[in-house]
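*Asks:* Take a look at the following structure, please.
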Amino acid sequence: MKKFIEYLRNCWRIEDLRQRLLITLLFVAIYRFGSFVVLPGINPGMLEKLQSQTAGGLMSLLDMFSGGAFSNASIFALGIMPYISASIVMQLLAVAVPYFQKMQREGESGRKKIAWYTRVLTIAILFFQAPAYLMNLKYQAAGALATGINWSTFMITASVILAAGSMFILWLGERITDKGVGNGVSLIIMIGIIARLPQAFFQEVSSRFTAITGGGLVMFIIEILILYAVVCASILLVQGVRKVPVQYAKRLVGNGKQQYGGARQYIPLKLFAANVMPIIFAQALMFIPLTVIRYSAESTNWLIQSLTDNRSLLYNIVYAILIIAFTYFYTAITLNPTQMAEDMKRNNGFIPGIKPGKPTADFIDTVMSRITLPGSLFIAFIAIMPAFAGLLNVQQGFSQFFGGTSLLILVGVVIDTLQQIESHLMMRHYDGLLNAGRVHAKGGVSAY
């Protein structure tokens, strides 16, 4: 506790860091305030059915990512997920379409063009999702619209407001990235998730001491121990094993080390190179059945119900398969074996027993494939942990923190934010909070 207080003092002493922290808190407060601003013309007292709809299943996840704005019929109801979906599509296009591949290689100008296309695609997705959300609102809260307002007129104006609300959230995220601390979009998602944690925790405590679920204090302690183990596993996943396993490292570079200009360095292959991105991608795709079908009407079809129930067997099987597939995909687009082989050759590096050029690229690609499989399986297991928590009668809201997207995003964003704060403290020779992750080279230079 003493170290944490000293850490806060050090943060406050640095003027630039203090301003960044205050700006971040201001923008986060604006986002949370907007989550409670109800759409004009909607009576918030008539939203009980909508709120009960988002209490379980996949709708509860959608409400969690929006920070509760979805169930409040807020101007921020659609949240940041349309932008995430657009980003996924653009990354897929950057792999499959030569025009976007060329754009990606253009450096900063290419990134700006891709960002512009992503925003345009986000707006297109919003003007599809906004009417779908309003149709669901009409179905779930027919009496919520104020007297004298026509639904057709309301649909047009409210769709524009919802789209503008999501784009405003994106703008807040970009401002946090530029002037605040951390990745703004990820931070906004994290804040929305954290907002649900206290309520979910107290509901779980209450349920464990009732006759309905039973178990009492013993079961609650077991839950906390399991949650602690999952959090530790998530930290390992997010931080990643920054070297290949020993048997592969020895085969790859002979004792796992390679000479680059006289300095001994490791080839940068991580066991979890994709981190949490495959889970975010897979989760965005799993929302598609909900967007297309569930908003329109309540269906009794078994397939539809299974795909919109995040505790069902079919949902978790499809979810795990998508995560494994996206892990390979994201690893392939972030780690280019051909480029790594060229860099090694350019720096007079080589793999003992492997010829430079294409044989080296093929060898690295083989090792990447081997270490990606256990990583993808581990990611998939962490992602479907909420379903296993449901088998222990854990409440729906609290079970989301036993794994899945929510826990991994929380862990990932917290670690990333702390590391960015640490970099500011280290530049000014202040003590930080993190000890792990700092590597001291022989020359006395620290690196991450």
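The values are calculated or read from the model by the stated rules, or taken from the named source; none is laboratory data. Because the structure is predicted, anything quoted here is derived from the model rather than measured. Glycine also receives a Cβ, built like all others from the backbone with ideal geometry; neighbour counts cover every protein chain displayed. Side chains included, ligands, DNA and RNA excluded: accessible areas come from the protein's heavy atoms. Shrake-Rupley method; radii C 1.70, N 1.55, O 1.52, S 1.80 Å.
*Asks:* One residue is enough: does the range 11-31 have a residue meeting the conditions closer than 30 Å to A142 by Cα and either modelled with pLDDT of 85 or more or not in a helix (DSSP H, G or I) (or both)?
*Replies:* Yes, the range 11-31 has at least one match.
*Asks:* Test of understanding: among Y228, Y248, Y260, which residue is among the hydroxyl-bearing types (S, T, Y) and either modelled with pLDDT of 70 or more or in contact with a strand residue (DSSP E or B) (Cβ under 9 Å, 6 or more places away or on another chain) (or both)?
*Replies:* So the residue among Y228, Y248, Y260 that is among the hydroxyl-bearing types (S, T, Y) and either modelled with pLDDT of 70 or more or in contact with a strand residue (DSSP E or B) (Cβ under 9 Å, 6 or more places away or on another chain) (or both) is Y228.
*Asks:* Against the condition over 14 Å from P278 (Cβ atoms) and open to solvent by 10 Å² or more (accessible area, probe 1.4 Å), how does G357 come out, does it pass? Quick ask: steps written out before the conclusion?
*Replies:* Working: over 14 Å from P278 (Cβ atoms): yes; open to solvent by 10 Å² or more (accessible area, probe 1.4 Å): yes.
So G357 passes the test.
*Asks:* Hey, does the range 66-76 have a residue that's part of a helix (DSSP H, G or I) and open to solvent by 10 Å² or more (accessible area, probe 1.4 Å)?
*Replies:* Within the range 66-76, the subset part of a helix (DSSP H, G or I) is none.
Within the range 66-76 (the criterion being part of a helix (DSSP H, G or I) and open to solvent by 10 Å² or more (accessible area, probe 1.4 Å)), the answer is no, since none of the residues qualifies.
*Asks:* Yes or no: the range 430-437 includes at least one residue that is surrounded by fewer than 17 Cβ atoms within 10 Å (Cβ to Cβ), touching a helix residue (DSSP H, G or I) at 6+ places or on another chain (Cβ under 8 Å), at pLDDT below 70 and among the small types (G, A, S).
*Replies:* First, pick out the residues of the range 430-437 that are surrounded by fewer than 17 Cβ atoms within 10 Å (Cβ to Cβ): 431, 433-437.
Now restrict to residues that are touching a helix residue (DSSP H, G or I) at 6+ places or on another chain (Cβ under 8 Å): 431, 433-434, 436-437.
Narrowing the set further to residues that are at pLDDT below 70 leaves 431, 433-434, 436-437.
Now drop any that are not among the small types (G, A, S), which leaves 436-437.
Checking the range 430-437: at least one residue is surrounded by fewer than 17 Cβ atoms within 10 Å (Cβ to Cβ), touching a helix residue (DSSP H, G or I) at 6+ places or on another chain (Cβ under 8 Å), at pLDDT below 70 and among the small types (G, A, S).
*Asks:* Another question about this same structure. Does the range 182-199 include one or more residues that are open to solvent by 80 Å² or more (accessible area, probe 1.4 Å), modelled with pLDDT of 80 or more and either in a helix (DSSP H, G or I) or touching a Phe, Trp or Tyr at 6+ places or on another chain (Cβ under 8 Å) (or both)?
*Replies:* First pass over the range 182-199, keeping only residues open to solvent by 80 Å² or more (accessible area, probe 1.4 Å): 199.
Among the residues that remain, those that are also modelled with pLDDT of 80 or more are: 199.
In the following step, the residues that additionally are either in a helix (DSSP H, G or I) or touching a Phe, Trp or Tyr at 6+ places or on another chain (Cβ under 8 Å) (or both) were identified as 199.
Yes, the conditions are met somewhere in the range 182-199.
*Asks:* Sort out which residues of the range 77-115 are touching a Leu at 6+ places or on another chain (Cβ under 8 Å) and either surrounded by fewer than 13 Cβ atoms within 10 Å (Cβ to Cβ) or free of Cβ contacts under 8 Å to residues at least 60 places away in the same chain (or both), and write them in order of number.
*Replies:* Within the range 77-115, A86, V89, M90, F100 qualify.
*Asks:* Can you confirm whether P356 is farther than 30 Å from Q199 by Cβ, of a type outside the set (F, W, Y) and without any contact (Cβ under 8 Å) to a residue 60 or more places away in the chain? Spell out the reasoning first.
*Replies:* Working: farther than 30 Å from Q199 by Cβ: yes; of a type outside the set (F, W, Y): yes; without any contact (Cβ under 8 Å) to a residue 60 or more places away in the chain: yes.
Criteria met by P356.
For (1) out of contact with any Ser or Thr (no Cβ under 6 Å at 6 or more places or on another chain); (2) β-branched (V, I, T); (3) closer than 25 Å to T153 by Cβ, each residue gets a yes or a no:
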site	(1), (2), (3)
E6	yes, no, no
R18	yes, no, no
R32	yes, no, no
G45	yes, no, yes
T54	no, yes, no
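*Asks:* Something else about it: Can you run down the residue pairs with Cβ atoms below 8 Å, 6 or more apart or on separate chains, where the first is in the range 382-394 and more than 12 Å from A320 (Cα to Cα) and in a helix (DSSP H, G or I) and the partner is at pLDDT 80 or above and β-branched (V, I, T)?
*Replies:* That search, which allows pairs on different chains as well, returns A389/I226.
*Asks:* Follow-up. When residues of the range 43-65 are filtered for being open to solvent by 20 Å² or more (accessible area, probe 1.4 Å) and either assigned to a loop (DSSP other than H, G, I, E, B) or touching a strand residue (DSSP E or B) at 6+ places or on another chain (Cβ under 6 Å) (or both), how many remain?
*Replies:* Residues that pass the stated criteria total 4.
*Asks:* Would you mind telling me which numbered condition in (1) more than 25 Å from Q129 (Cβ to Cβ); (2) surrounded by 16 or more Cβ atoms within 10 Å (Cβ to Cβ); (3) at pLDDT 80 or above I317 fails?
*Replies:* Just one mismatch for I317, condition (2).
*Asks:* Turning to a different aspect of this structure: When G79 is evaluated against the numbered criteria (1) at negative phi; (2) not in a helix (DSSP H, G or I), which criterion, by number, is the only one it fails?
*Replies:* Of the numbered conditions (1) at negative phi; (2) not in a helix (DSSP H, G or I), the odd one out for G79 is (1).
*Asks:* Take the conditions closer than 21 Å to G41 by Cα and polar (S, T, N, Q) and apply them to Q104. Does it pass? It would help to see each step written out before you state the result.
*Replies:* Details: closer than 21 Å to G41 by Cα: no; polar (S, T, N, Q): yes.
No; evaluated as a whole, the condition is false for this residue.
*Asks:* Turning to a different aspect of this structure: Suppose we filter the range 116-157 for residues that are in contact (Cβ under 8 Å) with a residue 40 or more places away in the chain and charged (D, E, K, R); how many remain?
*Replies:* The total comes to 1.
*Asks:* May I ask you to list the residues in the range 32-42 that are open to solvent by 90 Å² or more (accessible area, probe 1.4 Å) and in a helix (DSSP H, G or I)? Step through it out loud before you land on a result.
*Replies:* In the first step, residues of the range 32-42 are kept if they are open to solvent by 90 Å² or more (accessible area, probe 1.4 Å); the result is 33, 36.
Result: F33, single match.
*Asks:* In the range 133-162, how many residues are touching a helix residue (DSSP H, G or I) at 6+ places or on another chain (Cβ under 6 Å) and either more than 14 Å from I42 (Cα to Cα) or open to solvent by 20 Å² or more (accessible area, probe 1.4 Å) (or both)? Steps first, please.
*Replies:* If we filter the range 133-162 for residues that are touching a helix residue (DSSP H, G or I) at 6+ places or on another chain (Cβ under 6 Å), which is where we start, we get 134, 140-141, 143-144, 155, 158-159, 162.
Narrowing the set further to residues that are either more than 14 Å from I42 (Cα to Cα) or open to solvent by 20 Å² or more (accessible area, probe 1.4 Å) (or both) leaves 143, 155.
Here the count works out to 2.
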